[in-house]
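S.K.: First the structure, then my questions, so here it is.
Every read-out reported here was derived from the displayed coordinates using simple, explicitly stated rules and does not represent laboratory data. Predicted model only: the values in this text are computed from it and were never measured. Methodologically, a virtual Cβ is constructed for each residue, glycine included, from the backbone with ideal geometry; neighbour enumeration extends over all protein chains shown.
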Amino acid sequence: MVIIQGHPDPAGGHLCHALADAYAHGAEQAGHAVTRVDVAALAFPLLRTKQDFETGRLPDALRPAQVAIGAADHLCIVYPLWLGTLPAILKAFLEQVFRPGFAFSMNARAWRRPLKGKSARIVVTMGMPVLIYRWYFGAHGLKSLERSILGFCGIGPCRESLFGMVEAASAGKRARWIEAMRKFGAAAR
Ligand SMILES: Cc1cc2nc3c(=O)[nH]c(=O)nc-3n(C[C@H](O)[C@H](O)[C@H](O)COP(=O)(O)O)c2cc1C
């Protein structure tokens, strides 16, 4: 399994990091081999052209992450909701790593999806209540990750753990969330 930490702050210490740690802990206790990718700690440029996407060289700093994703049977992607969707650094990481050839390939005759068969859990923290994100805002950012990126590459099923009103959460509530993540990690599939 690979856990992709999408929080943009390389200093760590946020709820996203505690949730990812708990997931890793639960998974390791259950016997899973866990690889961690901390996107904020990787120095890589923005992808700027279709040509680079299709035929450019993957930045060296991203090679271990791409290898880990290729080898994993399960992906856990953790991020804070920023402007309704993934933080830009996580989107930039996915644009770089999920290149044609590695994540999918298409020509007039065939559509290949080499990552097909991997499952995923998407973990999102947010300031607003989860119900508001889902029902008022339509959770479009989440759906875009699930359908247009992961689903497009054949990754699924995608399970979701959304945590709302995180800034107002009591210590007890955070502890319950962390315990839930430990259990999800232990039962990851
Ligand atoms: C740039 C920025 C944009 C944000 N946009 C949203 C948003 O669209 N909706 C929301 O509910 N919370 C939003 N938030 C609040 C974050 O989701 C919240 O601070 C984060 O989930 C806390 O998790 P953390 O402790 O792991 O950083 C935003 C925060 C920042 C810094």
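S.K.: Could you pull out the trypsin sites (Lys or Arg not before Pro) across the range 34-78 that fall in loop regions by DSSP (anything but H, G, I, E, B) with no more than 11 other Cβ atoms inside 10 Å? Before the final figure, lay out each step's value.
M.R.: On the way: sites: 36, 48, 50, 57; in loops: 48, 57.
Here the sparse-neighbourhood loop sites are 48, 57.
S.K.: Now a separate question. Taking the highest mean first, how do the peptides 172-183, 9-20 order by number of other beta carbon atoms within 10 angstrom per residue?
M.R.: Numbers: 172-183: 15.4, 9-20: 17.3.
Descending mean neighbour count gives 9-20, 172-183.
S.K.: Using Stokes-Einstein with the Kirkwood hydrodynamic radius over Cα pairs, what translational diffusion coefficient do you get for the range 144-189 at 37 °C and a viscosity of 0.692 mPa s, in µm²/s rounded to a whole number? Write down the numbers at each step before the final one.
M.R.: Numbers: Rh = 12.5 Å.
D = 262 µm²/s.
S.K.: Tell me whether the range 106-189 comes out rounded, prolate or oblate; compute the Cα gyration tensor, take square roots of the eigenvalues as a ≥ b ≥ c, and use a/c under 1.5 as the rounded threshold. Intermediate values should be presented prior to the final figure.
M.R.: Details: a/c = 4.62, a/b = 1.76, b/c = 2.62.
Since a/c reaches 1.5 but b/c is at least a/b, the shape of the range 106-189 is classed as oblate.
S.K.: Also, I was wondering about something else. Between Rg and the Kirkwood Rh of the range 1-125, both from Cα atoms, what is the Rg to Rh ratio? Can you show the working numbers first?
M.R.: Working: Rg = 15.0 Å, Rh = 15.4 Å.
So for the range 1-125, dividing Rg by the Kirkwood Rh gives 0.97.
S.K.: Further, regarding this structure: At a 10 angstrom cut-off on C-beta neighbours, averaged per residue, how do the peptides 91-98, 132-139 rank from highest to lowest? Please list the in-between numbers first.
M.R.: Details: 91-98: 20.0, 132-139: 14.2.
Highest-to-lowest ranking by the protection proxy: 91-98, 132-139.
S.K.: Rounded, prolate or oblate, given the Cα gyration tensor of the range 100-153, with a/c below 1.5 counting as rounded?
M.R.: Working: a/c = 4.16, a/b = 2.55, b/c = 1.63.
The shape class here is prolate.
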